[in-house]
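**Student:** To start, I am sharing the structure in question, which I have written as structure tokens.
Read the figures in this text as sums done on the coordinates, not as results from a lab. Bear in mind the structure is a predicted one, so any value in this text is a computation, not a measurement. A quick note on method: Cβ atoms are made from the backbone with ideal geometry, for glycine too, and the neighbour counts reach across all protein chains shown.
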């Protein structure tokens, strides 16, 4: 059994040195992915820290904000 593994040989995901990403980190990662400016290294680091459920929630929220912003801009220009 190596350091960082549990008894079954799988990686220990409850290590106190592992830091979970904050909601702000998740928003930054999702926002940069909307524009396609996330680098490979940053993407790989995010995959290790981000919670997929939070990423989906933030993605839906940011998409809704984007759509509402477009609707508002179009209404201001047209009307």
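**Student:** Students often check this: by mean Cβ neighbours within 10 Å, which of 43-55, 61-73, 23-35 ranks highest, and how do the rest follow?
**Tutor:** Averaged packing, sorted descending, gives the order 23-35, 43-55, 61-73.
**Student:** Determine the gain in length on full extension of the stretch residue 63-residue 47; use 0.36 nm per residue of separation and subtract their C-alpha separation, reporting nm with one decimal.
**Tutor:** Full extension from residue 63 to residue 47 adds 3.7 nm.
**Student:** Here's a follow-up. What is the Cα radius of gyration of the range 23-78 over 2.2 N^0.38 Å, N being its residue count?
**Tutor:** 1.34
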